[in-house]
């Protein structure tokens with residue numbers, strides 16, 4: 001970096017670091033706490049209703065369900081793609097790894 005560009009870069013970095021603090025200092029009066037809930041008034045499906053209620057009342061258990069279902073869905077897709085690959089003639093379980 002040239003010597004002439006260093007002060008410009010320093011000013012830009014400093015401004016980039018100070019701008020978020022200035023926005024917080026802008027104020028805005030009294031701020032109420034934001035509460036995010038799932039709207040369950042029109043949910044008819046009992047499974048979707050269960051997860052919406054779970055999100056509203058027990059976020060920790062909802063997070064556990066999300067992790068478990070994501071892992072199960074990933075495993076399902078992995079086995080499905082492996083079966084499709086075997087049917088097309090690409091058996092990935094019998095490959096040899098050659099390292100150079």
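No value in this document is a laboratory result; all are computed from the given coordinates. Just so it is clear, the structure is predicted and the values come from calculations on it, not from any experiment. Reconstructed Cβ throughout: ideal geometry from the backbone, glycine too, with neighbour counts over all protein chains shown.
The table for this structure:
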read-out	value
Expected 222 nm ellipticity per residue - DSSP helices of 4 or more, -39500 (n - 2.57), all of the chain, to 500	-21000 deg cm²/dmol
Distance (nanometres) between label positions extended 7 Å along Cα→Cβ at residue 6 and residue 97	4.7
Among 56-62, 84-90, the order from most to least packed when residues are scored by Cβ within 10 Å on average	56-62, 84-90
Projected label distance in nm at residue 14 and residue 38, using a 7 Å step from Cα toward the beta-carbon	5.0
Globularity index of the chain, i.e. its alpha-carbon radius of gyration over 2.2 N^0.38 Å	2.10
